[in-house]
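Worksheet for the structure shown next.
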């Protein structure tokens, strides 16, 4: 029994010692003082603002097309005897090159026939003029004879009054005078008819000369040549083919009549018309054009010519046309053809006292973040004017030297502490 009491006492002593040691550890443990929380500073990229006057370019895309396509049609009916070597589908034909030759036989015979008729008329005119000249000479002689007969008649009358001439002599003299006057009148009528005949023959001669000129032109038109240098499409001609003026042999796209059709968005049009000093489309100004082919870039120029008469409601845009400068495309290593896809840089609005920013600096609500003198973020409201190729132009509560944050992230907001490596 004593042994059991001793075991219980030992257990109590061990438990009490453990409790004492625990309390000693608790009383002597080190106390950690809490540190005050430090404010986080965010790294940002920034740019310094500088007001500027500029005229940015508006980028658009367009299609090359012909402003004046020419339907190649023969002016005559006939059979094609020969086709030009360059008159092929998709080929480039030079001005004056042969398109086709028509059969010339009928045209040549028509020229010969009309030339013979013209000579015949000229001969008739010469003959009539000679006859007219003879009649006028006869009239002159008759006038002299009539004057002599008149004098004889007057002498006979004078002698009759003195009683030295009979009535029969007077009557004979009077009859002779009337006969001479009648002959003179007939000759004058003949002259008038000959004058009228010459006028009629001259008119016929003019008609036949006109017909002969037309025949010569028709003969020349049997050789159908290209009216301009350009590209051919829809070629439909071959040797032996019977054609007439209603047949279209091909469509010619002149290279000096090529243009670009491109579209300007309603937003860009609003910027041009609603802001700046011009407030009008730059009609008549030079625009830059870029043509990309097989990894290469070819540049040339065009002149803005006109605007389409209506908006395209589906795309909210309006079509514009620019005439390509023929001299600028002559230097291209490859021929520019209708249907080519090109990039167009059109002069934009005249912007005065605006600020240019990276597009990433502008928020969806047209706000920007500015770093103040305490390196804290301030939010500023601006007005967006124009943007392209990752750059935007704005106006608003800004001044030269302001540092604008160009990198945005969710944690960034007004009052945030930032640091920027950009001065």
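The values are calculated or read from the model by the stated rules, or taken from the named source; none is laboratory data. Model, not experiment: these values are computed from the prediction. Positions of Cβ are backbone-derived with ideal geometry, glycine not excepted, and every protein chain shown enters the neighbour counts.
Taking region 183-236 as the range and being touching a residue at least 12 places away in the same chain (Cβ under 8 Å), under 22 Å from residue 93 (Cβ atoms) and part of a helix (DSSP H, G or I) as the test, only 221 passes.
Of 89, 33, all but one fail to be assigned to a loop (DSSP other than H, G, I, E, B) and either modelled with pLDDT under 65 or within 30 Å of residue 380 (Cα to Cα) (or both); the exception is 33.
Of the residues examined, residue 374 is one that is exposed (fewer than 12 other Cβ atoms within 10 Å of the Cβ) and at pLDDT 85 or above. For region 92-112, a residue qualifies if it is within 17 Å of residue 251 (Cβ to Cβ) and assigned to a loop (DSSP other than H, G, I, E, B), and the qualifying residues are 94, 95, 97. Is it true that some residue in region 288-301 is modelled with pLDDT of 90 or more and within 18 Å of residue 68 (Cα to Cα)? Checked region 288-301: no residue is modelled with pLDDT of 90 or more and within 18 Å of residue 68 (Cα to Cα). Of all residues in region 77-86, those satisfying the criterion of being surrounded by fewer than 18 Cβ atoms within 10 Å (Cβ to Cβ) and either outside the structural domain of residue 237 (by TED's automatic domain parsing) or part of a loop (DSSP other than H, G, I, E, B) (or both) are 77, 85, 86. If the condition is being over 18 Å from residue 217 (Cβ atoms) and in a loop (DSSP other than H, G, I, E, B), then region 66-76 contributes 67, 68, 69. The residues listed here are 78, 62; of these, the one that is at pLDDT 90 or above and closer than 30 Å to residue 362 by Cα is 62.
Residue-by-condition table, conditions (1) surrounded by 12 or more Cβ atoms within 10 Å (Cβ to Cβ); (2) under 60 Å from the mean Cα position of the chain (by Cα); (3) farther than 30 Å from residue 100 by Cβ:
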residue	(1), (2), (3)
138	yes, no, yes
153	yes, no, yes
159	yes, no, yes
166	yes, no, yes
173	yes, no, yes
188	yes, no, yes
200	yes, yes, yes
212	yes, yes, no
216	yes, yes, no
